[in-house]
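Written out below as structure tokens is the structure these notes cover.
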Amino acid sequence: MGVRPGLTMDCKDATEAIGALLDRTLTPGDQAALDDHMRTCASCRVLAADLRRMHESARSLPRVKPPETLWPRIASALDAEIRSSPRRWFGVSPWMLAAAATLLLAVGGTLLLLRPSTMFRPSRPAATATQTAGGGAAGAELAQSVESELREAEQHYERAIAGLEQIAKAEQGTLDPQVAATLQKNLAVIDQAIRESRAALQSQPASELAQESLFEALRRKVGLLQETIGLINEMRKGNQAGTARIIQNLNKS
Amino acid sequence: MSTTPFARALLVAALALAAASTAGAAADHRSPRFHAAWMEHFAQQRGPEQTDRVTKTFRVGRTAALELSNISGDIVVTGGPGEEIAIEATKRVRGRDDAEAKQQLSSVSIEAVERGGRVEVRTVYPRMSNNRVSVDYRVTVPAGTSVDVKSVSGDMKVTGVKGDLRAESVSGEVRAETGGQAARVKSVSGDVELTGVSGSGDVNVASVSGDVTAKNIKCRSLDAGSVSGEVRLIDVDCERSQVSSISGSLEYAGPLQKGGRYELKAHSGNVRLALSGTTGFEVDASTFSGTIRTDLPITLKAAGEGRERTRQSLRGTLGDASALVVIKTFSGDVTIAKR
């Protein structure tokens, strides 16, 4: 990260340094500057403690990969359920939503590990697959591994979206037509963003911005679909309080 | 059956005429005039509007809490002097006849209870009925009241309230002018406008398809977003801001705070940051296919420290670099300017 010699560290530098500390890439000079700063800055001490706890918790989690047969089983169960009894969808919704949520958690976890927030890592150089390779075999292997993990994460998103779309379509008549039209229109806006990001990635596979844009759009779509389903459920039950609770989560993700 | 050439011509002409009038009707069906005429016809079929007014007053002191849930109808909440929460609910319906309208009105009740200075109000509909009653609320509260209002369909307006505010609607505009410390104002399909938060709380303003506007906001953190609407934040002074939209443009105008974090992200929308004050900042701005413009004397990062200045990317610092600004848009333009 490189604090200028002779200068004290401010909170912004300290945030970066804490990240580097957890990544074990902090230089001894920066470590001393960070220690000095944290002696007088309570908020950075708290931040460091929080991040260390999160880091340790994340490291202790087992790396779970869903079995290959999981999604086909969920998809066929969804198909069968909707075909046999479309009006009874809400009777099984917790199971389906739980399945979708499991997938989303898996995706979210993967992305969290792959893409640390730019707000905490502002000075990270624009790492691209080709730049990372740097000509070395280990670099090339790493680049390939990152690319394949990104592809895997995208596929998880796509599966989750497909399941959620199926659920939302099955009961969309429950929603007020105007609200349903609004949600459909905005899902189409997000779909357009997904298409554009994918096209950009085809022409420039190493573009970090195009990757971020794609995942941001996928994340927004999952969020909007989840909330649409929640809204349908609450409106069907006529539950005002629940409806309002759903609204408060809309657009959050 | 045999037909003469004349009869066949007449039949073809009649079919053509019928097809043309159907097509015309289909085209008219989409016009606002047709819709208005249909609504008027529908209203006449339903008969004149019938109303029923209900009022309730609670003595609560200067600091209280109001929680109001409604399904259909507008809500207006006004803060002022005094120590009472006064509720005026007007139920409205059009029935096939007076008897049906009165029956519908009487089947909807307004529940209002007070527990330790907290007043809870909700509209209660009969179960399993095709009730068409909407309820408009006008509520006056002591200025220090915390207000929490929710509606499925209907506009909301909150003014003069200095307590924390939460106002959420599925289909309707939400407008709030408050002197409170924290606010959460949201809608799915309506515009959202928030003015005048002042304090150290968190502010959240969002809509799915509507425009989002926040003015004169001083808070700890501001989260503002829309999917397809524009987001305009004018005279905002916050320690942290996260602003996002997919297709709408983003505008942020105000000072930065030392140590503050500001993130503005759009997909196809333009992003404009208009800065007042003298706080220095580090900026990381990028766009995939748009352009970046600035009239500020930003010191570019040295080569090797990351992306420097290109048409689509800008990394650098201004002044003491004590704040951090991250701007990303996929196809929109970025403008960073002095206000």
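Quick notes
- Computed FRET value (nearest 0.05) for residue A:195 with residue A:162, which takes r as the C-beta separation and R₀ as 22 Å: 0.85
- Contour excess over end-to-end distance, with Cα ends at residue B:310 and residue B:57 and 0.36 nm allotted per residue: 84.7 nm
- With each label modelled as a point 7 angstrom along the Cα→C-beta vector, the residue A:23-residue B:291 pair spans 3.4 nm.
- Using 0.36 nm per residue and subtracting the Cα-Cα separation, the extra length available between residue B:234 and residue B:120 on full extension is 37.7 nm.
- Label separation (residue B:107 vs residue A:204): 6.1 nm, computed from points 7 Å beyond Cα along the C-beta direction.
- Exceeding the 21 Å Cα-Cα cut-off - candidates B:162/B:218; B:162/B:338; A:221/B:215; A:12/B:338; B:258/B:338; B:186/B:258: B:162/B:338; A:221/B:215; A:12/B:338; B:186/B:258
- Karplus-derived 3J(HN,Hα), 6.51/-1.76/1.60, for each residue of segment A:30-43, Hz, glycine and proline x: 5, 4, 5, 5, 5, 4, 4, 5, 6, 4, 10, 10, 5, 5
- Shielding by partners, peptide B:236-249 (average Cβ within 10 angstrom, other chains): 2
- 10 Å Cβ neighbours from other chains, averaged over peptide B:222-228: 4
- Ranked A:197, A:213, criterion: other C-beta atoms within 10 Å, fewest first: A:197, A:213
- A simple spin-label model places pseudo-atoms 7 Å from Cα toward Cβ; at residue B:278 and residue B:49 they are separated by 5.7 nm.
- Sorted ascending by nearby beta carbons within 10 Å, beginning with the fewest, B:288, B:281 become B:288, B:281.
- Taking every residue in A:177-189 and counting other chain Cβ atoms within 10 Å of its Cβ, the average works out to 5.
Values quoted throughout were computed directly from the atomic coordinates according to the rules given, and no laboratory measurement underlies them. Computed from a predicted structure; not experimentally measured. Note that we place each Cβ from the backbone using ideal geometry, even for glycine, and neighbour counts take in every protein chain shown.
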